[in-house]
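Participant: For reference, the structure I am asking about is given below.
Throughout, read-outs are computed from the coordinates displayed, never taken from laboratory work. What you see is a predicted model, and the numbers here were worked out from it, not measured in a lab. Counting neighbours? That spans all protein chains shown, and the Cβs are built from the backbone with ideal geometry, glycine included.
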Amino acid sequence: MKSVKIENVSKKFGHIHGVKDLDLHIKSGEFFTFLGPSGCGKTTTLRMIAGFYYPTDGKILFDDFDVTRLQPNKRNIGMVFQNYALFPHMTVDENIAFGLQVRKFSKAEIKQKVDRIRGLVHLSQYGNRKINELSGGQQQRVALARALVIEPDILLLDEPLSNLDAKLREETRVEIKRIQSELGVTTIYVTHDQMEAMSMSDRIMVMENGNVRQIGTPQEIYNRPSNRFVADFIGETNLIEATIDAINGNDIQVKTASGLILTGRKQQSSPTLTHMIGDKVFISIRPESIHEGTGENTLTGKITFVEFTGISVNYIVECLDFSLKVMIINMNGQFKKIGEEITLTIAQDSLYFLGE
Amino acid sequence: MEKTHHSSSEGNAWTRLTSANWFVYILVAPLFLVLFAYVVYPFYQTFKESFSGDDALSNYKNFFNIASPANIEALWTSIYISAISVICCAIVGVTMAFLLERYNFPGRRILSVLVLVPMALPPLVGVLSFTFLYGDSGIFPRAFQHLFGLEQVPFSLKGIWGVIVVHTFTMYTYFYLTASAAIKGLDPALEEAATSLGAGRIRVWTKVILPMLTPSIVASSLLVFMISMASYTAPLMFGVERTMTMQIYLSRTNGNLDMAATQSMILSFVSITFLIVMRWYQNRRNYQNLSKGISVHRSEVSSRSMKIMATIASFIGTLILILPILVLILISFSVDGAWKTQILPTDYTLDHYQALFTDERTWRPIWNSIQMGIVATFGNILFGVAAAYAMVRLNFKGKTLLDILIMVPWALPGTVVAVNLIAAFSTENIFAFNQVLVGTFWILPLAYFIRHLPLVFRSTSASLVQLDQSIEEASRSLGATWWYSFRRIVLPLTFTGILAGTLLALVQSFGEFVASILIYSTSTIPLSVAIFQKLYSFKFGTACAYGVLQICLILIVLIISEKLSKGSAGSAI
């Protein structure tokens with residue numbers, strides 16, 4: 001297993017920056033995810049690691065070996081493509097064996113390795129099937145087996161689940177994670193789906209417009225986003241503009257435009273934030289951390305939208321100068337109607353402060 | 001791991017080279033070199049020659065000289081014939097398409113199969129069978145003469161109208177193909193919608209159906225016009241000397257090379273203009289039907305009298321379509337020289353077919369054409385596949401130029417291609433490895449190669465476009481070199497496309513006549529020229545046996561490509 005170092009890498013397409021000044025160190029054996037909306041540069045970065053693009057600037061190293069301009073076939077990577085890119089004129093076994101044949105393994109070795117990996121992805125009975133005789137999920141597993149059988153130093157997965165339906169996606173997600181931890185291969189995973197990213201990754205890099213917005217563990221990224229983009233992109237949140245009104249030891253008091261005062265904790269703010277009275281800040285409040293009733297930070301508002309999802313009731317509540325998304329766990333099957341007043345409380349620990 | 005370190009440090013220079021931005025230009029340079037050497041340079045030589053009179057423009061002045069109007073007349077006649085051909089082909093082709101796509105009548109099935117027969121006739125063979133059937137001493141005029149006891153044949157196909165009839169017969173298929181594709185895609189719901197809004201039958205036609213068909217009709221018109229301008233065989237056989245292609249042929253055989261060059265330039269100008277207009281039009285037209293899963297219903301012809309009429313009409317249609325082939329087969333069994341004024345040949349023999357494969361002198365042209373066709377087609381495969389790959393997969397400046405340079409030889413009349421080659425290769429030059437090519441074996445394969453450049457290219461790029469790029473990347477990521485991926489992934493997956501184009505190129509080379517007649521050398525006479533010569537020494541039997549052989553070959557190829565690509569092979573034509 002190798003580590004991947006990306007040093008100051010930029011990629012330009014014409015005059016447009018696909019990726020800008022990217023610095024990154026992916027540890028050996030790590031499950032690392034590039035997360036971001038389409039066009040953010042995540043696939044571009046992956047393709048540079050694979051060798052399908054060469055960076056305009058900067059270096060890419062596998063361990064300490066410079067691969068920046070090495071051809072893709074010399075990198076010993078395994079890659080799973082979004083559309084699987086299985087060879088349609090070959091059977092399942094022929095597809096899996098392809099990389100081994102390139103590496104000039106003997107027939108016996110190839111057979112043994114193919115059989116083993118086919119078992120690992122639960123396709124033992126399907127060796128002689130043609131690709132078009134397989135379901136989407138099975139094709140997905142063939143693609144994974146084909147990439148893994150060559151024992152790659154690095155496994156690259158480019159939105160591998162996006163062509164599967166919701167149920168299968170969840171199953172396959174668990175499966176990929178299981179196989180990855182069993183083999184311990186360094187894995188780079190590209191997705192725009194935050195659920196996938198959160199549930200599978202050791203660490204996540206959130207990207208936007210070719211720039212890195214945050215790198216961290218799923219918990220860090222969800223609980224301590226370093227900027228508004230990450231806070232908004234990961235999970236759902238309410239972002240409210242306010243100014244710092246007073247600081248008392250650990251407590252911060254902020255004031256919204258309409259004069260509403262909310263109190264939070266100093267340590268619950270992004271590392272870049274300087275705490276000066278009069279500074280403009282954004283408060284991020286997760287919908288699930290708002291509760292009905294009174295307590296810390298009590299406020300009232302009028303319900304303008306109700307949505308019953310089974311597990312929870314989602315409201316949109318119009319307060320003085322902002323509206324709040326609120327998610328309340330369905331306990332007794334009772335909920336309010338549009339137009340009714342509601343009183344809400346937000347724990348001080350649940351306010352998270354962000355800079356511009 | 002160690003292995004990777006080793007090979008990459010060793011291959012550093014190579015890696016640097018292949019990863020450089022300009023490396024792609026090294027890859028495409030050979031393609032441009034071939035096009036430059038065998039398309040641009042010969043064309044330029046003709047261009048130069050056309051200005052080599054007493055003063056630079058003297059040839060052009062002579063061409064447009066009112067005092068000796070032969071050339072202007074030829075240009076006019078060519079345009080006139082082409083325009084009428086377009087109109088006739090459009091009427092026949094679109095009508096056929098409508099009848100076969102929209103109506104059900106007795107005989108529809110057989111007619112819809114036979115409607116494409118004209119495509120299986122090589123140009124020379126097609127004209128040949130028409131003169132046997134409807135010419136001055138043809139079977140039909142003679143039959144009517146005998147029937148009514150007339151002194152002279154009551155009618156016969158000759159002159160300009162002969163050319164137009166042959167054009168109509170051989171070229172209406174272009175209209176038929178595009179129109180029937182358009183009609184198939186025409187949602188009946190549109191007509192129903194128009195009717196429900198109160199439109200009458202005529203209004204539905206003029207306001208809905210015809211506008212929808214316009215793109216396909218315009219595209220076919222341009223194509224047929226271009227091919228008619230380049231037509232050489234029909235004017236030759238019907239003795240219409242005042243057409244551009246015939247004038248070039250005559251100037252060339254009279255040794256007036258300057259004039260031949262000038263005439264070629266003017267004809268090329270017309271052809272290339274049409275090519276450009278056609279490309280431009282194809283890019284901008286786009287009437288996509290919005291509805292999916294169109295089910296076309298054919299109206300049943302129901303009334304009794306209409307049924308009888310339809311039966312008779314489709315019988316006549318079938319007859320017209322199949323007679324050219326039947327007459328060739330019939331005459332191929334006739335004894336040479338025994339058929340004089342009778343309606344049909346009287347004595348029959350199998351000798352001609354036997355001679356094809358046993359008599360050295362009869363077999364020779366077949367063998368020549370096989371050899372030259374294979375050489376040319378081999379070149380077409382190499383070039384076509386490489387060019388298609390470059391066009392579809394590589395990114396470089398000059399793509400449009402490459403595309404145009406490949407299409408130009410296809411738009412150029414065969415006569416012009418021949419004149420260009422004569423201009424370029426009757427002296428030693430570097431592109432011919434310092435040899436004189438004219439008069440050798442190699443000049444004809446070269447001509448075939450150039451004329452059929454786009455065939456393999458187009459069918460290959462069509463299947464490459466369908467091949468997802470990530471499949472190739474997958475192979476590379478698994479450690480395969482470019483060449484290994486190409487062999488094991490790209491080639492097998494585009495094989496049918498390549499084969500379809502290859503077979504087409506092979507067949508076309510095997511029947512090529514227009515360029516051959518100008519540049520063949522007596523030591524390597526191709527099949528088509530042999531047919532022509534047999535005809536002029538009244539060996540009709542042998543000529544027709546050759547023709548039947550060609551048709552069989554074409555039919556085999558058409559069937560194979562139909563099987564391979566489920567009907568899409570025809571798009572390469």
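Participant: Based on the Cβ-Cβ distance from B:Q371 to B:T522, what FRET efficiency comes out when R0 is 25 Å, to the nearest 0.05? List each step's numbers first, then the result.
Facilitator: Details: r = 16 Å, r/R0 = 0.63.
The formula returns an efficiency of 0.95 here.
Participant: Viscosity 1.002 mPa s, temperature 20 °C: give me the Stokes-Einstein translational D for chain A in µm²/s, with Rh taken as the Kirkwood radius over C-alpha pairs.
Facilitator: Values: Rh = 23.0 Å.
It comes out at roughly 93 µm²/s.
Participant: Hey, how many Å between the Cα centroid of the stretch B:113-186 and the Cα centroid of the stretch A:264-329?
Facilitator: Spelled out, the Cα-based centre of one part sits 85 Å from the other.
Participant: Could you tell me which helices of chain B pass both thresholds, a Cα extent of 24 Å or more along their own axis and a mean Kyte-Doolittle hydropathy of at least -1.0, with helices taken as whole DSSP H runs?
Facilitator: B:70-102, B:159-184, B:210-230, B:257-284, B:304-332, B:360-393, B:491-511, B:540-565
Participant: How far is it, in nm, from the label point at A:I311 to the one at B:K184 when both lie 7 Å from their Cα along the line to the Cβ?
Facilitator: 5.0
Participant: Work out the charge dipole of the stretch A:4-229 with +1 on the Cβ of Lys and Arg and -1 on the Cβ of Asp and Glu about the Cα centre, then indicate which of A:L156, A:V121, A:S106 is farthest towards its positive end.
Facilitator: Comparing the listed Cα positions along the dipole, A:S106 ranks first.
Participant: Okay, moving on. Past 20 Å, Cα to Cα, is the threshold; run A:K27/A:K59; A:K302/A:K325; A:K255/A:K337; B:K184/B:K207; A:K5/A:K104; A:K5/A:K59 against it and keep the listed order.
Facilitator: Among A:K27/A:K59; A:K302/A:K325; A:K255/A:K337; B:K184/B:K207; A:K5/A:K104; A:K5/A:K59, the Cα-Cα distance tops 20 Å for A:K255/A:K337; A:K5/A:K104.
Participant: For the stretch A:237-285, what log10 I(q)/I(0) values come out of the Debye formula at q = 0.20, 0.33 1/Å, with one point per alpha carbon and no solvent?
Facilitator: -0.60, -1.58
Participant: What is the sum of charges, Lys and Arg at +1 and Asp and Glu at -1, for the other residues whose Cβ falls under 11 Å from the Cβ of B:H352? Please report the intermediate quantities before stating the final value.
Facilitator: Values: positive: B:K534, B:K539; negative: B:D336, B:D351, B:D359.
My count for the surroundings of B:H352 gives -1.
Participant: While we're here: Sequence neighbours fewer than 8 away in the same chain don't count; with that in mind, list the aspartates and glutamates whose C-alpha is under 18 Å from A:K167.
Facilitator: A:E159, A:E175, A:D193, A:E196
Participant: In whole percent, what relative contact order does chain A give with Cα contacts below 8 Å and a gap of six or more residues?
Facilitator: 16
Participant: What 222 nm value per residue comes from the helices of chain B, counting each DSSP H run with n ≥ 4 as -39,500 (n - 2.57) and dividing by all residues, nearest 500 deg cm²/dmol?
Facilitator: Result for chain B, helices only: -22500 deg cm²/dmol.
Participant: Based on the Cβ-Cβ distance of A:N132 and A:Q101, what FRET efficiency does E = 1/(1 + (r/R0)^6) give at R0 = 22 Å, to the nearest 0.05? Each step should come with its number before you reach the end.
Facilitator: Details: r = 22 Å, r/R0 = 0.99.
Computed FRET efficiency for A:N132 and A:Q101 comes out at 0.50.
Participant: Modelling each spin label as a point 7 Å along the Cα-to-Cβ direction, I'd like the B:N256/B:A193 distance in nm, to one decimal.
Facilitator: Distance between label points: 5.9 nm.
Participant: A follow-up question, please. Just add up the charged neighbours of A:P72: K/R +1, D/E -1, any other residue whose Cβ is under 14 Å from the Cβ of A:P72.
Facilitator: Computed value for this residue: +1.
Participant: I would also like to ask the following. Using the alpha-carbon centroid of each, what span in Å lies between the stretch B:13-84 and the stretch A:177-221?
Facilitator: Cα centroid of the stretch B:13-84 versus Cα centroid of the stretch A:177-221: 59 Å apart.
Participant: Using just the helices of chain A, give the 222 nm mean residue ellipticity in deg cm²/dmol: DSSP H runs with n ≥ 4 each add -39,500 (n - 2.57), and the total is spread over all residues, rounded to 500.
Facilitator: -7000 deg cm²/dmol
Participant: Which peptide among A:138-147, B:42-51, A:236-245 comes first, and what is the full order, when sorted by highest mean count of other Cβ atoms within 10 Å?
Facilitator: Final packing ranking: A:138-147, B:42-51, A:236-245.
Participant: Enter the per residue convex hull volume of the stretch B:443-540, computed from alpha-carbon coordinates, in Å³ rounded to the nearest integer.
Facilitator: Hull volume over Cα atoms, normalised by residue count, gives 113 Å³.
Participant: Based only on other Cβ atoms within 10 Å, what is the fewest-to-most ordering of B:T318, B:T522?
Facilitator: The order, fewest Cβ neighbours first, is B:T522, B:T318.
Participant: Under a no-solvent Debye model with one identical scatterer per Cα of the stretch B:314-415, what's log10 I(q)/I(0) at q = 0.13, 0.19, 0.20 Å⁻¹?
Facilitator: Scattering profile of the stretch B:314-415, log10 relative to I(0): -0.81, -1.02, -1.06.
Participant: Run the dipole for the stretch A:1-112 about the Cα centre, Lys and Arg Cβ at +1, Asp and Glu Cβ at -1, nothing else charged, and hand back the magnitude in debye, nearest 20.
Facilitator: Dipole size: approximately 220 debye.
Participant: In what order do B:V240, B:V392 fall by count of nearby beta-carbon atoms within 10 Å, going from fewest to most?
Facilitator: Ascending number of Cβ neighbours within 10 Å: B:V392, B:V240.
Participant: How fast does the stretch A:239-354 diffuse by Stokes-Einstein, in µm²/s, taking the Kirkwood radius from C-alpha pairs at 25 °C and 0.890 mPa s?
Facilitator: Translational D for this selection: 166 µm²/s.
Participant: Between A:I26, A:I283, A:I261, where does the largest GNM mean-square fluctuation fall for chain A, given springs only between Cα atoms within less than 10 Å?
Facilitator: Sorting by GNM fluctuation, first place goes to A:I261.
Participant: Which value results when the Cα radius of gyration for the stretch A:8-95 is divided by 2.2 N^0.38 Å?
Facilitator: 1.21
Participant: Based on the Cβ-Cβ distance from B:N429 to B:A56, what FRET efficiency comes out when R0 is 25 Å, to the nearest 0.05?
Facilitator: Efficiency for this residue pair is about 0.60.
Participant: Using only the alpha carbons, work out the radius of gyration and Dmax of the protein assembly as shown in angstrom.
Facilitator: My reading of the Cα-based Rg and Dmax gives 37.4, 127 Å.
Participant: Right, here's the next one. Taking all pairs of distinct Cα atoms, average 1/r, flip it, and tell me the Kirkwood hydrodynamic radius of the stretch B:423-482 in Å to one decimal place.
Facilitator: Working: mean 1/r = 0.0670 Å⁻¹.
That comes to 14.9 Å for the stretch B:423-482.
Participant: To continue, here is another question. Run the reach check for A:K12 against aspartates and glutamates, Cα to Cα strictly under 17 Å, same-chain hits fewer than 8 apart removed. What comes back?
Facilitator: Straight-line reach from A:K12, under 17 Å: A:D21, A:D23, A:D57, A:E208.
Participant: Taking the Cα centre of chain A as origin and charging only Cβ (+1 Lys, Arg; -1 Asp, Glu), how large is the dipole, in debye to the nearest 20?
Facilitator: Charge dipole, chain A, about its Cα centre: 1480 debye, nearest 20.
Participant: P(r) for chain B: what percent of alpha-carbon pairs falls in each 20 Å bin, starting at zero?
Facilitator: Binned Cα distances yield the sequence 18, 49, 28, 5, 0.
Participant: Below 15 angstrom from the Cβ of B:I183, what's the summed charge of the other residues (Lys, Arg +1; Asp, Glu -1)?
Facilitator: Combined, the nearby Lys, Arg, Asp and Glu give +1.
Participant: Order these by the 10 Å Cβ neighbour count, fewest first: A:V313, B:V514, B:V208.
Facilitator: B:V208, A:V313, B:V514
Participant: How many nm separate the modelled label positions at A:I261 and B:I329, each set 7 Å beyond the Cα in the direction of the Cβ?
Facilitator: 10.5
Participant: Using the Cα centre of the stretch B:312-394 as the reference point, and only Cβ charges (+1 on K/R, -1 on D/E), how large is the resulting charge dipole? Debye, rounded to the nearest 20.
Facilitator: Rounded to the nearest 20 debye, it is 380 debye.
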